[in-house]
Amino acid sequence: MRHDASRTTPHHPRRRSVLRHGAAGTIGLTLWMNNGLLQAQDKRLVIRDPGGPYAEGFGAAFYKPFREATGIEIVPATGQHQPTAFIKTMVETKSYTWDMAHVSRDVHDALLGMGYLETLNLDATLRDLPAPYRAATYAGVDVVGSVLAYRSDRMPAGKAPRSFADLWDLTGFPGRRALRRNPMETLEYALLADGVSPAQLYPLDVDRAFRALERVKKEIAVWWTSGAQTSQLLKSGEVDFCPTWNARAQVVADEGTPVSIMWSQHLFTTEGWIIPKGSPRADLCREFIKFATDAKRQAEFTKNLAYGPTLPKAYDFVDAKRARTFPAHPENARGGIEWDVGYWAKNRDAVTERFNAWVTT
């Protein structure tokens with residue numbers, strides 16, 4: 001049902017009565033807006049997402065259905081991969097380019113530590129999310145795997161990488177390599193390649209990681225800076241090996257490019273919804289999050305985006321073959337290592353400064 005401001009009045013006793021008795025879902029949201037909390041000029045929400053397959057998947061699963069149900073247009077805005085500083089500036093200047101955002105858990109944790117997030121106040125809505133996927137200021141949407149993707153048509157006969165040590169093996173696995181121009185995940189790859197066991201990975205031995213990186217630095221053809229860039233690198237064949245996020249590799253494989261994913265030693269974390277502190281449309285953002293925290297809607301985005309949903313019930317609505325491309329699938333999860341967002345929340349600035357100096361010398 002679409003919201004039509006010309007046919008409603010701000011103080012309708014019947015509407016107040018319905019809301020008072022706990023109307024839910026689409027009808028409740030529409031009546032809530034008719035009750036004067038949303039003005040005609042506010043019939044849109046700007047939501048940051050990473051673009052590409054996210055915009056397509058979230059558009060089909062959340063944005064379009066929300067508009068159809070409420071008349072509220074969702075305007076997706078693609079931002080930098082780690083928008084911590086951008087959101088911090090928005091809050092401090094009270095100039096809100098985005099009403100809310102989809103971010104990685106480490107970005108959430110960093111902003112939370114700064115006091116720059118709104119409390120969601122959605123305990124009842126989020127109770128079906130597993131505890132690691134939610135917080136008072138965070139609603140997890142998808143589970144992301146950081147994997148080694150490779151061009152299967154370029155591998156030595158009968159061979160495929162089985163660990164990050166193979167990415168460091170320049171003789172046994174020749175070819176052009178890419179690495180992320182960011183210490184996060186890149187240092188983990190280096191330590192795994194150097195023989196550190198997953199159980200001993202954190203806290204990171206930063207000195208050892210840089211020594212391992214030094215061994216392959218001259219062989220890195222591309223230091224990439226965005227997920228979309230990795231998809232293009234793999235699709236064009238500019239590189240043969242490229243650590244990236246699994247959905248960025250899967251979308252290329254789905255198009256028919258001979259790209260495969262190494263699931264052993266993949267790092268996994270979540271991404272989810274946040275509301276910047278002071279966002280003028282925070283209440284409407286909460287209604288959107290309630291709408292999007294739905295098993296069938298989460299299952300819908302996986303048709304475009306190969307990240308596993310955070311609601312366990314969503315797997316009931318996902319094709320079994322498609323589910324095998326998700327980090328949380330049991331066969332893939334066996335090789336997974338939980339990415340320590342707490343470590344990076346505390347150490348990101350110092351390690352990033354050192355990494356940036358190292359990569360440019």
Report yes if THR97 is closer than 29 Å to THR352 by Cα, of a type in the set (Ser, Thr, Tyr) and in a helix (DSSP H, G or I), otherwise no.
-> no
Are there any pairs, at least 6 apart or on different chains, whose C-beta atoms fall under 6 Å, with the first in the stretch 325-340 and within 19 Å of PRO203 (Cβ to Cβ) and the second not β-branched (Val, Ile, Thr), and if so, which?
-> ILE337/PRO198; ILE337/LEU267; TRP339/LEU267; ASP340/TYR202
Scan the stretch 323-350 residue by residue and report those that are assigned to a helix (DSSP H, G or I) and surrounded by fewer than 16 Cβ atoms within 10 Å (Cβ to Cβ).
-> PRO330, GLU331, GLY342, LYS346, ASP349, ALA350
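Condition test on PHE210, is it in a loop (DSSP other than H, G, I, E, B) and in contact (Cβ under 8 Å) with a residue 60 or more places away in the chain?
Working: in a loop (DSSP other than H, G, I, E, B): no; in contact (Cβ under 8 Å) with a residue 60 or more places away in the chain: yes.
Against the criterion (in a loop (DSSP other than H, G, I, E, B) and in contact (Cβ under 8 Å) with a residue 60 or more places away in the chain), PHE210 does not qualify.
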State whether the residues of the stretch 301-322 include one that is of a type in the set (Phe, Trp, Tyr), touching a strand residue (DSSP E or B) at 6+ places or on another chain (Cβ under 8 Å) and free of Cβ contacts under 8 Å to residues at least 60 places away in the same chain.
-> yes
Cross-chain or 6+ apart pairs with Cβ under 7 Å, the stretch 224-250 first and closer than 17 Å to ARG154 by Cα, then part of a helix (DSSP H, G or I) and among the polar types (S, T, N, Q) | CYS242/THR230
Among residues belonging to the stretch 57-79 that are without any contact (Cβ under 8 Å) to a residue 60 or more places away in the chain and not in a helix (DSSP H, G or I), point out the one that is nearest to TRP98 (Cα to Cα).
-> ALA77
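Pick from GLY278, GLY195, GLY172: which is closer than 25 Å to MET114 by Cα, outside any helix (DSSP H, G or I) and out of contact with any Gly (no Cβ under 9 Å at 6 or more places or on another chain)? Give the steps one after another, and end with the answer.
Values: GLY195 fails: closer than 25 Å to MET114 by Cα; GLY172 fails: closer than 25 Å to MET114 by Cα.
Of GLY278, GLY195, GLY172, the one residue that is closer than 25 Å to MET114 by Cα, outside any helix (DSSP H, G or I) and out of contact with any Gly (no Cβ under 9 Å at 6 or more places or on another chain) is GLY278.
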The stretch 109-168: number of residues that are among the aliphatic types (A, V, I, L, M), within 21 Å of the chain's Cα centre (by Cα) and under 30 Å from LEU234 (Cβ atoms) = 7
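Can you name the residue in the stretch 138-169 that is part of a loop (DSSP other than H, G, I, E, B) and small (Gly, Ala, Ser) and is also farthest from GLU300 (Cα to Cα) among such residues? Spell out the reasoning first.
Applying the first criterion (part of a loop (DSSP other than H, G, I, E, B)) to the stretch 138-169 yields 155-163, 168-169.
If we keep only those that are small (Gly, Ala, Ser) as well, we get 157-158, 160, 163.
Numbers: ALA157: 38, GLY158: 36, ALA160: 32, SER163: 32 Å.
Looking at the filtered set, the residue picked out is ALA157.
Coordinate-derived values only; no laboratory data. Because the structure is a prediction, the values reported are computed rather than measured. Positions of Cβ are backbone-derived with ideal geometry, glycine not excepted, and every protein chain shown enters the neighbour counts.
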